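The values are calculated or read from the model by the stated rules, or taken from the named source; none is laboratory data. This is a predicted model, so every value here is computed, not measured. Cβ sites come from the backbone with ideal geometry, for glycine too, and all protein chains shown count toward neighbours.
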Amino acid sequence: MTKVILITGASRGIGRATARLAGVRGWSVGVNFVGNAEAAALTVAEVEAAGGRAVAMRGDVSVEADVTAMFDAAQAAFGPLDGFVNNAGIVAPSLPLVEMTAERLKRIFDINVYGAYLCAREAARRLSTSRGGRGGAIVNVSSAAARLGSPFEYVDYAGSKGAMDTMTIGLAKELGPEGVRVNAVRPGLIDTDIHASGGRPDRAASLGAETPLGRAGTAEEVAEAIVWLLSDAAAYVNGALLDVSAGR
Ligand code: NAP
C-alpha cells in the first residue's frame, strides 16, 4: 500500500537513505532539514527518481512552531499521514562528562530529546484514530549508544537516546489502541556525516572494524529496518527496540 510519511533530518545520512527507499516503494515523503537546503533538494530528486513523491521542508525539530508547520506542509502536499520517522539528531565532540559545558548539554537534549518528543507528540495527534487520523506507524531513530553509554565520547548523547527508547516503550502502549505502532531502531556505527560533526570523520570505519561483522554499516542498511517497521509487513510489531548494529 502506498503511504504518506514525514522524516525529520532527511537531507543527509540515514534520513536520506530512508526517504530514497520509501521512494522505491512509491511512497510520498516529507523531507525535513534544518540548514542544508541543497542536500534536501538532492534527497527530493532521489526520491522522485526512485518512483516516489517528495517535498522538502525546513524546520528545527526543537522549535514547536516549526514542528507543527512541517507536519502541516507534509499533509498539505500529500494528504493524511501514515507514518513518521523521528530521525533528526546530533552529537557533539567526544569528551568526558566532567568537561562538557552547560550549553552543549542543553543543545543535545533540546534537539535529541525535547525535539524528538515534540515531533512524536505531533505525529500522535495526526495519526491517532480517535483524533481523525488513519492510524499508522512511528519509528524513532535511537542508537546503540542507549545501551552502551558512550563513556568518554558522549554520555549526553547516549542518555538522549535512552530517553527515546523509553518514550518508544510508553508511546507504543498509549498509541496501540489508536491504531498507531511505535518502534525504534538502534543503529550502531553507520557511515554518515554525523561522525565528522563530532570531530571524528574516521570513527565509523575505525570502530566498525572491531564489531563482530568487521565493518561499519551503511545508511541504506538502517533504512531497510526503518521502512520495514513502517510497512504493513510489521503489522504486529509494536514497542520494539531493533538493534541494527552488527552485534556490537
Ligand atoms: P547526519 O548524517 O549528521 O544527518 C543529520 C540530519 O539531521 C541532517 O539531515 C540534518 O539536517 C538534520 N538535523 C540536525 N539538526 C536538526 C534539527 N534541529 N532539526 C531538524 N533537522 C536537523 O546524521 P545520521 O548519522 O544520518 O543520523 C540520523 C539519526 O541516526 C540521528 O538521530 C543519529 O543520532 C542516529 N544514529 C546515527 C548513527 C551513526 O553512526 N550514523 C548511529 C546511531 C544512531 P541538515 O542537513 O539541514 O543539517
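Are any of the residues in region 140-161 under 23 Å from ALA233 (Cβ atoms), within 16 Å of the ligand (Cβ to nearest atom) and either more than 14 Å from the chain's Cα centre (by Cα) or in a strand (DSSP E or B) (or both)?
yes
Among ALA235, ALA216, ALA205, ALA209, which is near the ligand (Cβ under 9 Å from one of its atoms), over 18 Å from the mean Cα position of the chain (by Cα) and more than 23 Å from ASP110 (Cβ to Cβ)?
Matching residue, one of ALA235, ALA216, ALA205, ALA209: ALA216.
Can you spot a residue in region 76-88 that is among the acidic types (Asp, Glu) and either under 17 Å from ALA137 (Cβ atoms) or buried (at least 18 other Cβ atoms within 10 Å of the Cβ) (or both)?
yes
Have a look at GLY79, GLY59 and point out the one that is touching a helix residue (DSSP H, G or I) at 6+ places or on another chain (Cβ under 9 Å), modelled with pLDDT of 95 or more and not aliphatic (A, V, I, L, M).
GLY59
Yes/no per residue for (1) closer than 27 Å to VAL24 by Cα; (2) polar (S, T, N, Q):
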| site | (1), (2) |
| --- | --- |
| GLY188 | yes, no |
| ASP193 | yes, no |
| ARG200 | no, no |
| GLY214 | no, no |
| THR218 | yes, yes |
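In this structure, is ILE190 more than 8 Å from the ligand (Cβ to nearest atom) and in contact (Cβ under 8 Å) with a residue 40 or more places away in the chain?
Taking the combined requirement at face value, the residue does not satisfy it.
Of everything in region 129-184, what is in contact (Cβ under 8 Å) with a residue 60 or more places away in the chain and polar (S, T, N, Q)? Give them in sequence order.
Of everything in region 129-184, those that are in contact (Cβ under 8 Å) with a residue 60 or more places away in the chain and polar (S, T, N, Q) turn out to be SER142, SER160, THR168.
Can you tell me which residue is nearest to the ligand (Cβ to nearest atom) among those in region 1-28 that are among the polar types (S, T, N, Q) and more than 19 Å from VAL222 (Cβ to Cβ)?
SER28
Only one of VAL85, VAL31, VAL55, VAL61 is within 16 Å of the ligand (Cβ to nearest atom), within 16 Å of the chain's Cα centre (by Cα) and without any contact (Cβ under 8 Å) to a residue 40 or more places away in the chain; which?
Going through VAL85, VAL31, VAL55, VAL61 in turn, just one is within 16 Å of the ligand (Cβ to nearest atom), within 16 Å of the chain's Cα centre (by Cα) and without any contact (Cβ under 8 Å) to a residue 40 or more places away in the chain: VAL31.
Where residues in region 95-127 are among the charged types (D, E, K, R) and closer than 16 Å to GLU174 by Cα, which of them is nearest to the ligand (Cβ to nearest atom)?
Here the residue is GLU122.
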